[in-house]
């Protein structure tokens, strides 16, 4: 998942710069070869650095809003048992592929303690109830299971900004940085995870040269949480 040249993605609304929103903004990050973004490659880098592929074989992974390049990596390179799920699969079949279960992250149709890993990569900013979604992630994880929940994050705000009912597209762009977002997470994001029984920890890529080759944002760390 690396390429010499990357395509642009993202937006350039002023709030992104004003609040220094990590994981947002217009940037050259989309790989021409495999279709991965910087946020996908950060997750792959974490697994490459922290796990042996032999240890990941047959592990159960729930991949929410499953980026195709990521799912293929876990299935084909790591031999993991991937369950791909999304609340809206009709319009996104070309992104996800055909083997996607329709599932609401706020009410997952899976048994408790079912998965070794849950990946919800830039998903929690879209759901109607972030705390309920986090609780569902915790519920379906096995004890000591790992959740990866990247979100747009501003360390300049103390508390997460929630969209108000009367906010339209223009106001969401102005306040949150994207029209389809329901919130902008602040420094309380870790406490939101802790409230649902997860222990969050930031993972930083250890090699700057690799980060540049992979087109990663040096300011973005991977937030992984373990089920207590």
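Quick rundown of the values:
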{"read-out": "Prolate/oblate/rounded label for the range 39-79 (Cα gyration tensor, a/c 1.5)", "value": "oblate"}
{"read-out": "Overall Cα dimensions of the range 119-228, principal axis frame, Å, largest first", "value": "42, 36, 22"}
{"read-out": "Spread of Cα-to-Cα distances over 5 Å intervals beginning at zero, given as percent, for the range 6-227", "value": "1, 7, 14, 19, 21, 19, 12, 5, 1, 0, 0"}
{"read-out": "Which of 31, 106 has the fewest Cβ neighbours within 10 Å, and the rest in rising order", "value": "106, 31"}
{"read-out": "Relative contact order computed over the chain (Cα-Cα under 8 Å; 6+ residues apart), in percent", "value": "21 percent"}
{"read-out": "Residue-averaged [θ]222 nm for the chain, counting only DSSP H segments that reach four residues, each worth -39500 (n - 2.57)", "value": "-7000 deg cm²/dmol"}
{"read-out": "Ascending count of other beta-carbon atoms within 10 Å, so fewest first, for 119, 169", "value": "169, 119"}
{"read-out": "Beta bridge orientation in the chain: antiparallel %, DSSP, nearest 5", "value": "50 percent"}
{"read-out": "Ranked list, fewest to most other Cβ atoms within 10 Å of each Cβ, for 46, 51, 73", "value": "51, 46, 73"}
{"read-out": "Whole-Å distance, taken between Cα centres, linking the range 70-91 and the range 1-51", "value": "19 Å"}
{"read-out": "Cα centroid of the range 114-143 to Cα centroid of the range 187-225, whole Å", "value": "16 Å"}
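Taken together, the values in this text are just the output of simple stated rules run on the coordinates, not laboratory data. Since this is a predicted model, take the numbers as computed values, not measurements. As a convention, Cβ positions derive from the backbone with ideal geometry for all residues, glycine included, and neighbour counts pool all protein chains shown.
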